[in-house]
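> Take this structure first; my questions come after.
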Amino acid sequence: MRFVVNIVVAVILSVVFVACGYDDFGVPDLPRMQVVVPNTDIKTLRDLYFGNEYTVSEDVVIEGCVTANDESGNLYRSFIIQDSSAAVEIYAGTYDLHNAFRVGQMVAVSLEGCAVSQYRGVMRIGLPSSDWDAGYVKPFGTRAILDRYVYRSAVMVAPEAKVINVNEFSETLCGMLICVRNVRLAEGESSVWFEESDFYDASMCLRKFVTATGSEVFVATSRYADFAENTIENGVYDLTGVLYYGEFGSATKRYVIMLRNENDAERK
């Protein structure tokens, strides 16, 4: 797969990761430079630590390509990176991450001192939580703290979504950029991406699409997405986005695709 080849090339080109300043993205401030060498892949990290919160005390470094960020507002104060093996959410807790962590940009994460947990099926990296909220990682909170752990590279890799069928959804794919082809908005569904509903939680709305064989595909849209009030036109779509699994406003767990922007719903 081209993405895998590009990742290998990017690893060779990006041994040195620069922790840049965030105030001026046109001419980056370079307060420090550090050699950061990835020593494991994201799947290995997930296999070791996925589940309850765990504070990493070992020298663990991962590397990945940014596949989703907060530019449209559908993803909130976090961004997703993935390599050829798996994906992870960086729980930044700051605004305007898309200015620093662009889709396609290679980054490395040094996890020693970080905490890992999971949210709706996706492995999440942040800081250890306090005793009263054990089980949930805290966001890094500030750009200065984020700089201590996350290193940006100038290397860009065009991320490619994994094309799969609905029956191939699995928890190991959660966080990955996936694509489901040839679906339609289900009969009776509202044609607006987000609207108030007693069934779903106040900040998120689900839209049900169906395949030609009747399999269901749910798409999650945040009320804060810049396309939340836009209309879903009639037609056949290819849907690209990040895969999640969990409870979305009900006790029923389901797989859900979260679009990065409205263009991820490609009308054919």
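> Looking at the structure I just gave you, is Thr213 farther than 15 Å from Ser197 by Cβ and within 22 Å of the chain's Cα centre (by Cα)? Write out each step before concluding.
Working: farther than 15 Å from Ser197 by Cβ: yes; within 22 Å of the chain's Cα centre (by Cα): no.
No; evaluated as a whole, the condition is false for this residue.
> Counting only residues that are outside any helix (DSSP H, G or I) and either out of contact with any strand residue (DSSP E or B) (no Cβ under 9 Å at 6 or more places or on another chain) or among the β-branched types (Val, Ile, Thr) (or both), which one in the stretch 137-151 is farthest from Ser72 (Cα to Cα)?
Applying the first criterion (outside any helix (DSSP H, G or I)) to the stretch 137-151 yields 137-142, 150-151.
Applying the additional criterion that residues be either out of contact with any strand residue (DSSP E or B) (no Cβ under 9 Å at 6 or more places or on another chain) or among the β-branched types (Val, Ile, Thr) (or both) yields 137, 142, 150.
Values: Val137: 24, Thr142: 21, Val150: 22 Å.
Among residues in the stretch 137-151 that are outside any helix (DSSP H, G or I) and either out of contact with any strand residue (DSSP E or B) (no Cβ under 9 Å at 6 or more places or on another chain) or among the β-branched types (Val, Ile, Thr) (or both), the one farthest from Ser72 (Cα to Cα) is Val137.
> If I ask for residues that are open to solvent by 20 Å² or more (accessible area, probe 1.4 Å) and either touching a residue at least 60 places away in the same chain (Cβ under 8 Å) or of a type in the set (Val, Ile, Thr) (or both), which ones from the stretch 248-260 would you list?
Kept after step one, since they are open to solvent by 20 Å² or more (accessible area, probe 1.4 Å), are these residues of the stretch 248-260: 249-255, 260.
Across the stretch 248-260, the qualifying residues are Thr252, Tyr255, Arg260.
> Next question. Hey, among the residues in the stretch 211-240 that are farther than 17 Å from Ala186 by Cβ and not acidic (Asp, Glu), which one's most open to solvent (accessible area, probe 1.4 Å)? I'd like the intermediate steps shown before the answer.
If we filter the stretch 211-240 for residues that are farther than 17 Å from Ala186 by Cβ, which is where we start, we get 222-230, 240.
Right, trim to not acidic (Asp, Glu) and you get 222-225, 227-228, 230, 240.
On the way: Ser222: 9, Arg223: 83, Tyr224: 149, Ala225: 9, Phe227: 3, Ala228: 6, Asn230: 59, Thr240: 24 Å².
Only one residue tops the list, namely Tyr224.
> Related question: For the stretch 218-260, which residues satisfy the criterion of being assigned to a strand (DSSP E or B), among the hydrophobic types (A, V, I, L, M, F, W, C) and over 18 Å from Glu196 (Cβ atoms)?
Restricting attention to the stretch 218-260, the residues satisfying the condition of being assigned to a strand (DSSP E or B) are 218-222, 231, 237-247, 253-258.
The next check asks that each one be among the hydrophobic types (A, V, I, L, M, F, W, C); those that pass are 218-220, 239, 242-243, 256-258.
Passing the criteria: Leu239, Val242, Leu243, Val256, Ile257, Met258.
> While we're on this one: Mind checking which pairs have a first residue in the stretch 183-196 that is within 11 Å of Val217 (Cβ to Cβ) and a second that is assigned to a loop (DSSP other than H, G, I, E, B), Cβ under 6 Å, 6 or more apart or different chains?
Arg184/Val236; Leu185/Ile232
> Right, here's the next one. So, Thr172, is that one within 28 Å of Arg102 (Cα to Cα), out of contact with any His (no Cβ under 8 Å at 6 or more places or on another chain) and among the polar types (S, T, N, Q) or not?
On the way: within 28 Å of Arg102 (Cα to Cα): yes; out of contact with any His (no Cβ under 8 Å at 6 or more places or on another chain): yes; among the polar types (S, T, N, Q): yes.
So Thr172 passes the test.
> Looking only at residues that are surrounded by fewer than 15 Cβ atoms within 10 Å (Cβ to Cβ), under 19 Å from Val242 (Cα atoms) and among the aliphatic types (A, V, I, L, M) in the stretch 153-208, which one is farthest from the chain's Cα centre (by Cα)?
Step by step, filter the stretch 153-208, then rank; the result is Val163.
The values are calculated or read from the model by the stated rules, or taken from the named source; none is laboratory data. Keep in mind that what you see is a predicted model, and the values were worked out from it rather than measured. For neighbour counting, all protein chains shown are included, and Cβ atoms are generated from backbone atoms with ideal geometry for every residue, glycine included. For the accessible areas, the whole protein counts, side chains as well, though only heavy atoms, and no ligand, DNA or RNA atoms are used. Shrake-Rupley method; radii C 1.70, N 1.55, O 1.52, S 1.80 Å.
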